[in-house]
Amino acid sequence: MNAPIDVHPEVQQALAKKAPVVALETTIVTHGMPQPTNLDTAKAVESIVRAQGAIPATIGIIQGRVKIGLENHELEYLADIQNTPVFKTSRRDLGPVLALQRNGGTTCSTTLIFAAMAGIKVFATGGLGGVHRGGEHTLDISADLPELSRCPVGLVSAGVKSILDIGRTLEYLETLGVPVVSYGADEFPAFYSRDSGFKSPWRIDDPRSAARVLHSQAQLGLSNGAIFAVPIPEKYEAVGAELQVAVEQALQEAEANGVNRRGKEATPWLLKRVGEITGGKSLASNVALIKNTARVGSQIAVAYANLVK
Ligand code: PSU
Ligand code: MN
């Protein structure tokens, strides 16, 4: 179709050999973290994937072309958020961003789309979008959720953040037919903390079993993916409670300030505000949990490659 998509040669070679590849998103770089932590973390995560024996495919949009596997200089360009105009790009934005030759950070939704197109089975990130608090009135439900019912990709995250309505997010995923699996835990994690007050419907403790879930779904030809929720490392648990207080404060401010906090700006605004309130503590946790999900995600990708070899 001559679509404006460039698959990095290294990623292409790995996919051709059925070697493990891990997809990574760029909205976390362009709208989720401040400079220079955004770029440092993106690079560190790529190294972690390599250290586990998989190939990283960081996905982003540069001047209207989708890059599956960014070059270093392209990642640096997108991460330079002071100077590079870049759109937070979910499914609804893809046509316009490509047509108008803009730059885009891919959210979980669009990263899932391109991972699925390329045949990448695992995508590791920090936080997934979900049903926002009050979503039953505002209908603010992340486009990430429906995408998980369309893309046969395992999304590895630290759960969903408590800026969201975690109970309704889990209900909605059940409706969409997306399995939610806690990794090494019974509880569904809440990003900054290991517990959300909700149990996951499934628990798995090893990469091979996680890979087998994806493989079973593939054998059935199911269109949906799966969520593997990896709790933040235990040493960040204590600070999690403190961050939770900041999350509640940020949510109240958003409520009081109203209009600007709706739509696509809501999540970046809340993330930034929690960072300000906690003096960067939330950022340290965010970096730690994404390194952890990248490690586990890579192990799942390696296990999957061994299954299909
Ligand atoms: N949660 C985070 N960091 C992020 C995001 C979510 O802790 O960077 C990003 C992800 O790219 C996710 C997107 O796909 O926000 C969801 O945005 P929305 O809630 O507008 O759907
Ligand atoms: Mn939204």
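Bear in mind these aren't lab numbers, they're just calculated from the coordinates by the rules spelled out. What you see is a predicted model, and the numbers here were worked out from it, not measured in a lab. Positions of Cβ are backbone-derived with ideal geometry, glycine not excepted, and every protein chain shown enters the neighbour counts.
What to note about this one:
- Length available on full extension from Leu139 to Asn2: 0.36 nm per residue minus the Cα-Cα distance, which gives 45.8 nm.
- Axial C-alpha extent at least 27 Å, average Kyte-Doolittle at least 0.5 - helices from the chain (DSSP): 281-308
- Potential lengthening between Asn83 and Ala16 on full extension [0.36 nm per residue; Cα-Cα distance subtracted]: 20.5 nm
- Placing unit charges on each Cβ (+1 for Lys and Arg, -1 for Asp and Glu) gives segment 90-208 a dipole about its Cα centre, and among Pro207, Tyr192, Val97 the Cα reaching farthest toward its positive end belongs to Val97.
- Bridgeable lysines around Lys235 (alpha carbons under 27 Å apart, same-chain partners fewer than 8 residues away excluded): Lys43, Lys161, Lys199, Lys272, Lys281, Lys291.
- Relative contact order of the chain, pairs being alpha-carbon contacts under 8 Å that are 6 or more residues apart, as %: 20 percent
- Nearest-0.05 FRET efficiency for Lys235 and Asp205, computed from C-beta distance (R0 22 Å): 0.65
- Evaluated with a Cβ-only charge set (Lys, Arg +1; Asp, Glu -1), segment 1-138 carries a dipole of roughly 380 debye about its Cα centre, given to the nearest 20.
- Rounded if a/c under 1.5, otherwise prolate or oblate - segment 65-208, Cα gyration tensor axes: prolate
- Dipole magnitude of the chain, debye to nearest 20 (Cβ charges: Lys/Arg +1, Asp/Glu -1, about Cα centre): 720 debye
- Beta-bridge orientation, the chain: approximately 30 percent antiparallel, per DSSP, counting only bridges with both partners inside.
- DSSP-defined beta bridges in segment 109-215 - what % are antiparallel, rounded to 5: 45 percent
- Most positive-pole-ward Cα, Val66, Val287, Thr26, against dipole of the chain from beta carbon charges: Val66
- Taking the Cα centre of segment 253-296 as reference, the dipole from Cβ charges on Lys and Arg (+1) and Asp and Glu (-1) amounts to some 220 debye.
- Once you reduce segment 231-258 and segment 2-26 to the center of their Cα atoms, the two points are 36 Å from each other.
- Averaging the Cα positions of each part gives two centres, and for segment 107-153 and segment 202-219 these lie 19 Å apart.
- Neighbourhood net charge (15 Å Cβ-Cβ; Lys/Arg +1, Asp/Glu -1) for Ser149: -2
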